[in-house]
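Input: a single structure, listed below in structure tokens.
The values are calculated or read from the model by the stated rules, or taken from the named source; none is laboratory data. The structure displayed is predicted, hence computed values, not measured ones. Here the Cβ positions follow ideal geometry from the backbone for every residue, glycine too, while neighbour counts run over all protein chains shown.
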Amino acid sequence: MTAAFARIAHRFTAYELVLPGTPAFICLADTCPTHCCKIYSVSLGEREAVRMERASGLARFQFLECEDGEPIALPLAQPYLLSRSEGQCSLLGANLYCGQYEGRPDACRLYPHFVIFLDEATDRPVHSYVEGMEASLERALAGEDPAPFVPLLLRHLECPGFTGPAVGLEAWQELLRETWQLQYGNEFAPAEGGATGRASSP
Ligand code: SF4
Ligand code: SF4
């Protein structure tokens with residue numbers, strides 16, 4: 001995987017490869033100088049909006065960017081945006097941890113991890129689901145040659161939370177699988193919970 005990432009690292013300069021032995025991620029929300037909930041806008045889809053409604057008891061206008069009281073639906077795969085106020089997500093708690101942790105969107109569950117695949121035939125990264133990807137992932141998780149696609153678990157360098165003990169093989173495998181499930185479409189993603197990534201709950 002190190003060699004595979006080296007072939008496309010110039011395209012992902014804000015990311016670093018996560019392998020067994022990488023320091024574990026621990027969210028440092030209350031002291032974080034970056035704070036992803038402040039600097040990023042979060043997009044979400046219909047399934048995630050429903051999950052937030054159920055988990056929080058909030059109506060959509062209370063957590064989505066709206067116009068004239070109606071959620072703004074952008075022409076994107078993830079049509080909604082979490083509402084923001086005072087330069088941060090409106091759901092961020094006063095303690096700087098997520099105020100709606102159970103209902104938070106997939107992007108919040110995913111961050112600061114991310115999975116890409118290298119297509120060995122073209123030497124290019126693959127960002128969206130293509131046939132054969134899952135089989136390659138399973139081969140990689142079994143320690144076999146994953147060809148034709150090489151899954152690469154990355155971390156966003158701006159997040160300072162990688163301060164924990166070294167991640168063991170099993171924990172790394174679980175993280176890779178869960179990040180993949182969150183990232184690559186509803187048919188693989190858990191409908192509720194099953195979070196990976198940021199642990200923003202106090
Ligand atoms: S996930 Fe990373 S960037 Fe976001 S608050 Fe936690 S430590 Fe900071
Ligand atoms: S983790 Fe919570 S507070 Fe942070 S952006 Fe997501 S929903 Fe908002």
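Could you please find all residues in the range 98-108 being within 8 Å of ligand 2 (Cβ to nearest atom), modelled with pLDDT of 95 or more and not in a strand (DSSP E or B)?
Within the range 98-108, the subset within 8 Å of ligand 2 (Cβ to nearest atom) is 98-101, 103-105, 107-108.
With the extra rule that they be modelled with pLDDT of 95 or more, the set shrinks to 98-101, 103-105, 108.
Hits for the range 98-108 are GLY99, GLN100, TYR101, GLY103, ARG104, PRO105, CYS108.
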ask   = Within the bounds of the range 40-49, is there any residue that is within 15 Å of ligand 1 (Cβ to nearest atom), touching a Ser or Thr at 6+ places or on another chain (Cβ under 9 Å), in contact (Cβ under 8 Å) with a residue 12 or more places away in the chain and closer than 24 Å to LEU176 by Cα?
value = no
query = So GLY21 clears everything in (1) within 16 Å of GLY87 (Cα to Cα); (2) not in a helix (DSSP H, G or I) except one condition, right? Which one?
reply = (1)
key: ILE26, sole failed condition from (1) of a type in the set (A, V, I, L, M, F, W, C); (2) under 19 Å from the mean Cα position of the chain (by Cα); (3) farther than 23 Å from LEU153 by Cα   = (3)
query = Of the numbered conditions (1) aliphatic (A, V, I, L, M); (2) touching a residue at least 60 places away in the same chain (Cβ under 8 Å); (3) more than 16 Å from ligand 2 (Cβ to nearest atom), LEU76 satisfies every one except a single condition; which is it?
reply = (2)
request  = Return the residue satisfying two criteria in turn: it lies in the range 105-142 and is touching a strand residue (DSSP E or B) at 6+ places or on another chain (Cβ under 6 Å) and aromatic (Phe, Trp, Tyr), and of such residues it is nearest to PHE5 (Cα to Cα).
outcome  = PHE117
inquiry  = Among the residues in the range 142-158, are any surrounded by fewer than 17 Cβ atoms within 10 Å (Cβ to Cβ), in the same structural domain as LEU169 (by TED's automatic domain parsing) and within 16 Å of ligand 2 (Cβ to nearest atom)?
reply    = yes
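Among the candidates GLY197, GLY164, GLY132, GLY193, which residue alone is at pLDDT below 95 and assigned by TED's automatic domain parsing to the domain that holds GLY21?
On the way: GLY197 fails: assigned by TED's automatic domain parsing to the domain that holds GLY21; GLY164 fails: at pLDDT below 95; GLY193 fails: assigned by TED's automatic domain parsing to the domain that holds GLY21.
Going through GLY197, GLY164, GLY132, GLY193 in turn, just one is at pLDDT below 95 and assigned by TED's automatic domain parsing to the domain that holds GLY21: GLY132.
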note = Reported set for the range 38-95 where residues are among the charged types (D, E, K, R) and either surrounded by 19 or more Cβ atoms within 10 Å (Cβ to Cβ) or in contact with a helix residue (DSSP H, G or I) (Cβ under 6 Å, 6 or more places away or on another chain) (or both) is GLU48, ARG51
request  = Output the number of the condition that THR31 fails; it satisfies all remaining conditions of (1) farther than 23 Å from ARG11 by Cα; (2) of a type in the set (Ser, Thr, Tyr); (3) within 19 Å of the chain's Cα centre (by Cα).
outcome  = (3)
query = Which of the residues spanning the range 155-171 are more than 8 Å from ligand 1 (Cβ to nearest atom), assigned to a loop (DSSP other than H, G, I, E, B) and within 18 Å of CYS108 (Cβ to Cβ)?
reply = none
